[in-house]
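K.L.:
Provided herewith is a single structure, encoded as structure tokens, for subsequent inquiry.
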Amino acid sequence: MIKNIINKINSKTSSLCLIDEPLKKHTTYGIGGPAELMIFPKDKKDLINAIKIINENKMQLTILGSGSNVLISDNGIKGAVISLKNTLKNIEVNGTNLYAECGAMLGKIVKLAVKNNLIGLENLNGVPGTLGGALIMNAGAWGGEISENLVSVELISSKNELKKLLKEEINFSYRKSSFDKDDILLSADFNLRKAKEDIINENFVKAQAGRKDSQPLNKRSAGSLFKNPKDNSAGKLIDEAGLKGYSIGDAKISDKHANFFINDGKASSDDMLKLIKKAHNTVKEQFSIKLELEVKLMGFEESEIEGLC
């Protein structure tokens, strides 16, 4: 079946197809087993055609962006994994409007906005990942969220329809959005504001310095692991629970920021999952607060992640 699908994709697209590709090569954690079939589309047309072929053959489909906000099981992912790391990279500025495809890295989008003296995204400087992932989780930092200046999003819906949604049609909240789990985001439009160069650079540098001072940027992580509870901080709770620096195998809670769980060597997905459960359960026991994951767990059995999602 897989070879038949590959033949169809090769005949209709310029995509690269790989069998049993190790996903640890495509995640910031450096953790993850093989993808049964991994596809790297060349452009948006390739992506749409590949998705159509996968759906027609009723094969399970997973979309992977930059791999910066995920923990993937060492057992890998069944079905097809489409990587956006080599596609959907276009970014354009026209006046105060910024258009970006959802495979573009958020950092590049922020830098282009700053270069054009546009204010509204600079607080996201240093937030890892692609635009698509940032929109799905409504990424934010230093008091701002990516949805604030959003105008519209183009996507392939769960019904395999090409759609354009205005911001008013999407519900955003803290680290959440109303996109369907099977929606595939293609591009987004933003309406920003012109501002003086020194003001934008001040905000940009402030965000950059804040991350450098408080986060283990030189370690392999998936970014902030848990969402901050209302009126509290996940990192503060984990720290107060006595878990800063705690490790299981090579999976470790950062000494610098307790909401960053790092791969300090050759951590397995099992090591990291056990560490996540340790922090989750300890905070719940000590403070009666149930932490919610910000990082997405992929390829695990339901029984393995019960109570976390």
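K.L.:
What do you reckon, is A134 in a helix (DSSP H, G or I), open to solvent by less than 30 Å² (accessible area, probe 1.4 Å) and farther than 18 Å from K85 by Cα?
P.N.:
Judged against the criteria, A134 is not a match.
K.L.:
Cβ contacts < 7 Å: first residue touching a residue at least 24 places away in the same chain (Cβ under 8 Å), restricted to region 86-98; second residue acidic (D, E) and open to solvent by 50 Å² or more (accessible area, probe 1.4 Å), any location; separation 6+ or different chain. Result?
P.N.:
Qualifying pairs under 7 Å: T87/D43.
K.L.:
Between D271, D264, which is open to solvent by 10 Å² or more (accessible area, probe 1.4 Å), of a type in the set (D, E) and touching a residue at least 40 places away in the same chain (Cβ under 8 Å)?
P.N.:
After applying the criteria, what remains is D264.
K.L.:
I'd like the residue in region 80-110 that is charged (D, E, K, R) and out of contact with any Leu (no Cβ under 6 Å at 6 or more places or on another chain) and, out of all such residues, is surrounded by the fewest Cβ atoms within 10 Å (Cβ to Cβ).
P.N.:
E92
K.L.:
Next question. How many of the residues in region 1-43 are among the hydrophobic types (A, V, I, L, M, F, W, C), within 20 Å of the chain's Cα centre (by Cα) and not in a helix (DSSP H, G or I)?
P.N.:
5
K.L.:
Moving to a separate point now. Consider D46 against the criteria (1) of a type in the set (D, E, K, R); (2) open to solvent by less than 20 Å² (accessible area, probe 1.4 Å); (3) free of Cβ contacts under 8 Å to residues at least 12 places away in the same chain: it satisfies all of them except one. Which criterion is unmet?
P.N.:
(3)
K.L.:
Can I ask one more? Show the residue pairs meeting these rules: Cβ distance below 7 Å; 6+ apart or different chains; first residue within region 54-79 and closer than 22 Å to T13 by Cβ; second residue of a type in the set (K, R) and open to solvent by 10 Å² or more (accessible area, probe 1.4 Å).
P.N.:
Pairs that qualify, where the first residue is closer than 22 Å to T13 by Cβ and the partner is of a type in the set (K, R) and open to solvent by 10 Å² or more (accessible area, probe 1.4 Å), are Q60/K78; S66/K85.
K.L.:
From the set of residues in region 217-229 that are out of contact with any Gly (no Cβ under 7 Å at 6 or more places or on another chain) and not in a loop (DSSP other than H, G, I, E, B), which is most open to solvent (accessible area, probe 1.4 Å)?
P.N.:
S221
K.L.:
Name the strands (runs of 3 or more DSSP E) wholly within region 65-131 that hold at least 2 residues that are under 24 Å from S152 (Cβ atoms) and within 18 Å of the chain's Cα centre (by Cα)?
P.N.:
Ranges flagged: 97-101.
The values are calculated or read from the model by the stated rules, or taken from the named source; none is laboratory data. Since the model is a prediction, treat every value here as computed from it, not as a measurement. In this analysis, Cβ positions are derived from the backbone assuming ideal geometry, glycine residues included, and neighbour counts consider all displayed protein chains. We work out accessible area using only protein heavy atoms, side chains counted, and drop any ligands, DNA or RNA first. Shrake-Rupley method; radii C 1.70, N 1.55, O 1.52, S 1.80 Å.
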